[in-house]
Every structure is written in C-alpha cells, then in structure tokens.
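To start, the structure under review is shown below, and the notes come after it.
The values are calculated or read from the model by the stated rules, or taken from the named source; none is laboratory data. Quantities reported herein were computed from a predicted structural model and do not represent experimental measurements. Heads up, the Cβs are rebuilt from the backbone with ideal geometry, glycines too, and the neighbour counts pull from every protein chain shown. Only protein heavy atoms, including side chains, enter the accessible area calculation; ligands, DNA and RNA are left aside. Shrake-Rupley method; radii C 1.70, N 1.55, O 1.52, S 1.80 Å.
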Amino acid sequence: MNKAFNYRHLYYFWMVAKEGSMSNAAARLDMAVQTVSTQVRELERDLGCQLLRPAGRGLALTDAGVVALRQAESIFQLGEALPELVRAAAQSPSVRLVVGIADGLPKLEVQRLLQPVLGVPGLRLVCLEGEMPDLLAELALHKLDVVLSDHPAPFHPRLKVHNHPLGTSAMGWYAAPQWWAQAVDGFPVSLQTVPVLLPTTHSIVRHLIDHWLAQKGLRPRVAGEFEDNALLEAFGGTGLGVFPGAVAAQAELLQRCQVRLVGACDGVQENYYAISTERKLAHPLVLQLVQRSAGADLVQ
C-alpha cells in the first residue's frame, strides 16, 4: 500500500470535492470546518500540489485535483461495495476446481467425466483447453488442479505426475439421416461407399481407427479431418460424412447433432485419464472425480 498519503485525508478531500465547499462537506461529515480544511491541506502537502482553489463562494478543482478526484471516486466506490461483496462470499462459499482439458478429448466426454462433481454446492469450475505438454507444465506449477486426457501422461524424469484411469468407452460410427440407411446396409463394408470424417492424427483414437480400417480391408473416402472433436460432430451432423464417436454418447449426439449410431467399431475404445501431481489425491473434488468416474461403467 502506498504510504505517501493518508487515505482518511483523501476521503475528506473527496467529500469536499463532491459537496463543493468546506462548509457543506463539514456539515455532511458532522465535523468542524477547520478540521476538514486541515485534513485537506495535509493531503495537498503529502502529494506536493494544490488540489482545490477558491471559486466564488465555493471551491473548484485544479488540474491535479481533477485527477485526484477521479482516483478517489474509484477507490471509495470500491470501498462502498466491499461489505456487500464480502457478505455474499461468506454466505455462498465457492469450491474452485481448475481443469486442464487435452485438446484431443471429445467435449461430450469431458462433460460426462466431470458429471460426478457438477452438483457440488458452490462449485466454481474453470476449464482450460490446450496441448498436453503445456497443460502438464501448468499442472507442475499448480496452476491446474487436474488434467483430463484420452491418454496417460508420458514419462518425464523432471516432471512427476500420476495417471488415474477414469474408464473407457467403446467407439462406433454415426451418420446423419441422409447417410444413415446407406451406411447401415452392409456395414462395415458400406464405409467405402459413404464419405467419412475422422479426427486428425493428434488424437490417440485416430490411430486405433486407422488400424481397425486396415484390419477390415477398408479404404474409405475421407471427406474431412478435424482437430476439434466438437467440429467433427458438428460437420457430421450437417451430413458431410459418417464419423466415429463414443457409443456412450448416443443420446447426446442424437439430441445435439441429430445423428444415429450406424454400428460398433469393435475392439476400438477410448480411454480416459485424470492426471495429477500427487499419487494420493489431495483436492477433494479431484478425489471425488476419480473415485466416481472410475467406479462407473462408461462402456455402453
């Protein structure tokens, strides 16, 4: 805090500037005019410049006084709001959870994975998306409480993190109405007769899908690749192509994108992890997240 002046002196100046004269400010403060005048002169002495000058029967602000009044307005308006803000915070305590989201993790699965803690009273959830190296660096600096990812954190000798499995979900193929009947007929061979959308190779599940297609002897026409899974689902919903998604997300995808499940991508599943800096979790919400998610069957 700046000790170059007294905030009480600033308050008296603020009142004088608002009231337009020493006498009016003194009456408002229920103080002697001389006392108020002395306090204002003390402030001017501390700041090293004149803030008020005579103007008719009252006082006017100097250029320095205009600046001082502007700052005083901000200071005391914030001060007036302080009690209400503090009382509101005391009456409604919040629980903060800062989550890093690996950019390859589907958004629908993020919502599903966080479901166990979304009903916690006073929850203040902060979600930040990014690439895994950046998220792990933020986690190590304790700027994040946990990182959610579709793959475990790689080993790093100078970065001690722990992977907590949250479960898995089987993968399937989805199609908008204009492609659904054609895709269902003769699935999975039918994937060679319809346009296909895929996640980019930054996603772990993309490599598993490529392997599955190769095993089936399929070489579909890829109409689009998307780094952001939400975009993949959105364009799939417009009919740009048939796309892979978690079987567990059937209801959400039908509601959000009006797409239906064509068939299972048998043997391909998406894995989910919570990554923390502690082996024994300390944050109560992260602990709750891991215990409940790991105990739930995400595979449908």
Taking 0.36 nm per intervening residue step and subtracting the Cα-Cα distance, what contour gain separates His156 from Glu42 on full extension?
35.0 nm
Whole-Hz ³J(HN,Hα) for each residue in the stretch 146-153, computed from phi via Karplus 6.51 cos²θ - 1.76 cosθ + 1.60 with θ = phi - 60°, x for glycine and proline: what do you get?
7, 10, 9, 8, 8, 8, x, 5
Taking R0 as 51 Å and r as the Cβ-Cβ distance between Phe76 and Leu123, the FRET efficiency 1/(1 + (r/R0)^6), rounded to the nearest 0.05, comes to 0.95
The stretch 159-182 and the stretch 1-67: distance between their alpha carbon centers, rounded to Å:
67
For the pair His211 and Ala282, how long in nm is the line joining their label points, each one 7 Å along Cα→Cβ?
3.7
How large is ³J(HN,Hα), in whole Hz, for each residue of the stretch 279-291 in order, when computed from phi with the Karplus curve 6.51 cos²θ - 1.76 cosθ + 1.60 and θ = phi - 60°, using x for Gly and Pro?
6, 9, 5, 9, 5, x, 6, 5, 4, 5, 4, 5, 5
Carbon plus sulfur fraction of accessible area for the stretch 204-300, probe 1.4 Å, in percent
51
Compactness relative to 2.2 N^0.38 Å, alpha carbon Rg of the stretch 168-269
0.93
Which three lengths, in whole Å and largest first, does the chain cover when its Cα atoms are put on their principal axes?
96, 45, 34
How big is the stretch 128-209 on each of its three principal axes, counting only the C-alpha atoms and giving the largest first in Å?
52, 20, 20
Report, by chain and number, residues whose modeled amide H sits under 5 Å from the one on Cys265, excluding near sequence neighbours (fewer than 5 apart, same chain).
Met171, Gly172, Trp173
With the charge dipole of the chain built from beta-carbon charges (+1 for Lys and Arg, -1 for Asp and Glu) about the Cα centre, the Cα from Pro152, Gly172, Thr38 projecting farthest to the positive end belongs to Thr38
Give the calculated FRET efficiency between His142 and Gln178 to the nearest 0.05, with a Förster radius of 51 Å applied to their Cβ-Cβ distance.
0.55
Probe of 1.4 angstrom, ligands and nucleic acids ignored: what's the accessible area per residue over the chain, in square angstrom?
54
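Assuming R0 = 51 Å, can you tell me the calculated FRET efficiency for the pair Asp30 and Ser94, based on Cβ-Cβ distance, to the nearest 0.05?
Numbers: r = 40 Å, r/R0 = 0.78.
Efficiency for this residue pair is about 0.80.
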Highest GNM mean-square fluctuation, the chain, Cα pairs closer than 10 Å: which of Asn163, Asn24, Asn229?
Asn24
How long are the three semi-axes of the equivalent ellipsoid for the stretch 7-91, computed from the Cα gyration tensor as the root of 5 times each eigenvalue, in whole Å, largest first?
26, 15, 11
Taking the Cα centre of the stretch 168-269 as origin, sum charge times position over the Cβ atoms of Lys and Arg (+1) and Asp and Glu (-1), and report the length of that vector in debye to the nearest 20.
200
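Just how large is the dipole of the chain about the Cα centre, in debye to the nearest 20, putting +1 at every Lys and Arg Cβ and -1 at every Asp and Glu Cβ?
On the way: 26 positive and 28 negative charges, 154 e Å.
So the magnitude is around 740 debye.
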Quick one: putting +1 on the C-beta of Lys and Arg, -1 on the C-beta of Asp and Glu, what dipole do you get for the stretch 7-91 around its Cα centre, in Debye to the nearest 20?
140
Of the accessible area of the stretch 113-165, computed with a 1.4 Å probe and all protein chains kept, carbon and sulfur make up a percent value of 57
Over the chain: helical MRE at 222 nm, DSSP H runs n ≥ 4 each giving -39500 (n - 2.57), nearest 500:
-14000 deg cm²/dmol
Keeping the other protein chains in place, figure out the carbon and sulfur percent of the accessible area of the stretch 1-67, with a 1.4 Å probe.
49
Express as a percent, rounded to the nearest 5, the fraction of DSSP beta bridges in the stretch 168-269 (both residues included) that run antiparallel.
60
Karplus-derived 3J(HN,Hα) from phi for the stretch 165-170 (6.51 cos²θ - 1.76 cosθ + 1.60, θ = phi - 60°), whole Hz, x at Gly and Pro, runs x, 10, x, 9, 9, 5
Compute a Gaussian network model of the chain, connecting alpha carbons closer than 10 Å, and tell me which residue from Gly65, Gly130, Gly172 fluctuates the most.
Gly65
With Cα springs under 10 Å, the Gaussian network model of the chain assigns the largest mean-square fluctuation among Ala183, Ala170, Ala55 to Ala55
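Want the number for Arg53 to Asp228: 0.36 nm per residue separation, take away the alpha-carbon distance, what's left?
56.7 nm
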